[in-house]
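Colleague: Supplied in structure tokens, the structure appears directly below.
Throughout, read-outs are computed from the coordinates displayed, never taken from laboratory work. Everything numeric here is computed off the predicted structure, so don't read it as measured data. Using ideal geometry, Cβ is built from the backbone for each residue, glycine included, and neighbour counts are taken over all protein chains shown.
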Amino acid sequence: MTKIAIILASTRPGRAGQAVAHWVLERASRRSDADFDLIDLAEVDLPPIDEPLPPAVGRYTHPHTHLWAETVAAYDGYVFVTPEYNHSYPGSLKNALDRVYAEWNDKAAAFVSYGVDGGVRAVEALRPVLAALRIAGVAQQVTLNLRTDFDGFGGPFSPGDHQEPALTALFDQLVSWSGALRTVRTAPAGAAS
């Protein structure tokens, strides 16, 4: 069964992302084509990068990095639930992405973003970083606007009706790509790619 991690990027107290991530997980749990888990970076609590060697070397020295590597490696794809901070994504997500390397490779990702303009610039900033990690980003994304999807600016999360089919399309693409990329990861050594 395809395994997808829903990664909640914001670690800020009182964050809007917690409600968004639980909405994504609840909708995902209705599907039978993949298993979905929520990973909250506030609970993972990774310190700033403290490994002596670059992640691409794959020789991690700290227990928290080994644990994070095992967590990332366990999944075929990811849904990044991210706010937009200053036209980008939060440092907590950058730290989590940069900490390991091979564990991300040849997997798929989708994006559920939120912010004043739906968090679109956070995703724009994420896509080239994920490409460098060899993570394929699907086209469909869900953009949640703080003015319209949060019962007034910053109020309780209340996604518009149009968000449900967008989230379904996101899951459809992500599950498909995650399964297809599994074949790349399991191809025999020396096979044409």
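Colleague: Specify whether the C-alpha gyration tensor of segment 36-101 places it in the rounded, prolate or oblate class, a ≥ b ≥ c being the square roots of the eigenvalues: rounded for a/c under 1.5, otherwise prolate if a/b is larger than b/c and oblate if not. If you can, show how the numbers build up before the last one.
Modeller: Details: a/c = 1.86, a/b = 1.32, b/c = 1.41.
Oblate is the answer for segment 36-101, as a/c is 1.5 or above yet b/c matches or exceeds a/b.
Colleague: Could you tell me whether the chain comes out rounded, prolate or oblate from its Cα gyration tensor? Rule is a ≥ b ≥ c as square roots of the eigenvalues, rounded for a/c under 1.5, then prolate if a/b exceeds b/c, otherwise oblate.
Modeller: Working: a/c = 1.93, a/b = 1.33, b/c = 1.45.
Since a/c reaches 1.5 but b/c is at least a/b, the shape of the chain is classed as oblate.
Colleague: His162 to Ser32: FRET efficiency via 1/(1 + (r/R0)^6), r the Cβ-Cβ distance, R0 25 Å, to the nearest 0.05?
Modeller: Numbers: r = 24 Å, r/R0 = 0.97.
In this case the efficiency is close to 0.55.
Colleague: Right, next: Based on DSSP H runs of at least 4 residues, each adding -39500 (n - 2.57), what is the mean residue ellipticity at 222 nm of the chain after dividing by all its residues, to the nearest 500 deg cm²/dmol? Don't jump to the answer; show the numbers that get you there.
Modeller: Details: 6 runs with 72 residues, N = 193.
Here the helix-only value at 222 nm equals -11500 deg cm²/dmol.
Colleague: Need the C-alpha centroid separation for segment 144-178 versus segment 58-112, integer Å.
Modeller: 22 Å
Colleague: Mind pulling the angle between the C-alpha long axis of helix 163-185 and the longest principal axis of the chain? Nearest 10 degrees, somewhere in 0 to 90.
Modeller: So the inclination is approximately 0 degrees.
Colleague: Another question, if that's okay. Could you pull out every residue, at least 5 positions away or on a different chain, whose amide H is within less than 5 Å of the one on Leu144? Hs are placed 1.01 Å off N in the peptide plane, and Pro or chain starts have none.
Modeller: Ser113, Tyr114, Gly115
Colleague: Step through the residues of segment 48-58 one at a time and calculate ³J(HN,Hα) from phi using the Karplus curve (6.51 cos²θ - 1.76 cosθ + 1.60, θ = phi - 60°), rounding each to whole Hz and writing x for Gly and Pro.
Modeller: The phi angles translate into x, 3, 10, 7, x, 10, x, x, 4, 5, x Hz.
Colleague: Follow-up. Which residues' amide hydrogens lie under 5 Å from the amide hydrogen of Ile6, considering only partners 5 or more residues apart or on another chain, with H built in the peptide plane?
Modeller: HN-HN under 5 Å from Ile6: Asp37, Leu38, Ile39, Val79.
Colleague: Quick one: if you stick a label point 7 Å off each Cα along the C-beta vector at Ala180 and Leu53, how many nm between them?
Modeller: Taking the simple label geometry, Ala180 and Leu53 are separated by 3.4 nm.
Colleague: Let me ask something additional. What does DSSP give for segment 46-168 in terms of the percent of beta bridges that are antiparallel, rounded to the nearest 5?
Modeller: Values: 1 of 16 bridges.
If we restrict to bridges inside segment 46-168, about 5 percent are antiparallel.
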